[in-house]
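Below is one structure, written out as structure tokens; comments come after it.
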Amino acid sequence: QVQLVETGGGSVQAGGSLNLSCAASGYSYCMAWFRQVPGKEREGVAAIYPGGSNTAYADSVKGRFTISRDNANNTLYLQMNSLKSEDSAMYYCAADRALRSCLPKPGWYNTWGQGTQVTVSS
């Protein structure tokens with residue numbers, strides 16, 4: 001059973017940056033980031049294949065967020081720049097060893113982190 005531990009969340013002003021980290025206890029083929037606000041469904045943010053060069057992003061974060069991974073240390077990252085108030089949410093790390101199409105779709109992943117809160121103030 002792979003476990004995921006997230007760090008890096010916090011409060012930041014609009015236009016600022018944050019870097020989220022997700023430490024995994026083992027290797028998974030697909031890894032991804034999601035976010036959720038109270039009363040709404042979980043939203044896909046970004047996903048990444050094992051090699052790191054193939055990635056997928058939600059339209060709302062393209063050009064501002066960058067997903068990356070360090071397989072030697074089993075760590076996933078999300079660099080968030082030019083943050084907006086609408087980026088405020090609980091951010092979750094997810095992984096799946098069996099999945100071979102790495103897209104940020106919530107129903108495709110079976111292992112999840114505890115979530116880390118990101119709050120962007122105007």
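The values are calculated or read from the model by the stated rules, or taken from the named source; none is laboratory data. Since we're looking at a predicted model, the values are computed, not measured. Quick reminder, even Gly has a Cβ in these numbers, built from the backbone with ideal geometry, and neighbours come from all protein chains shown. When the accessible area is computed, the model is the full protein with side chains, heavy atoms only, and any ligands, DNA or RNA have been set aside. Shrake-Rupley method; radii C 1.70, N 1.55, O 1.52, S 1.80 Å.
How much of the accessible area of the chain, probe 1.4 Å, is carbon plus sulfur, in whole percent? It would help to have the intermediate numbers written out before the result.
Working: 2800 of 6100 Å².
About 46 percent, which is the carbon plus sulfur part of the accessible surface.
Qualifying GluC sites (Glu not before Pro) in region 13-122, where qualification requires a DSSP coil assignment and no more than 12 other C-beta atoms within 10 Å, comprise GLU41.
Give me D for the chain in µm² s⁻¹, whole number, from Stokes-Einstein with Rh from the Kirkwood sum over alpha-carbon pairs, 10 °C and 1.306 mPa s.
Working: Rh = 14.1 Å.
Result for D is 112 µm²/s.
Based on protein heavy atoms only, the chain ends up with 50 Å² per residue of surface accessible to a 1.4 Å probe. Summarising the amide proton neighbourhood of GLY115: residues at separation of 5 or more, or on other chains, whose placed amide H is nearer than 5 Å comprise GLU6, CYS93.
Heavy-atom accessible area for ASP96, with the other protein chains in place and a 1.4 Å probe, reaches approximately 10 Å².
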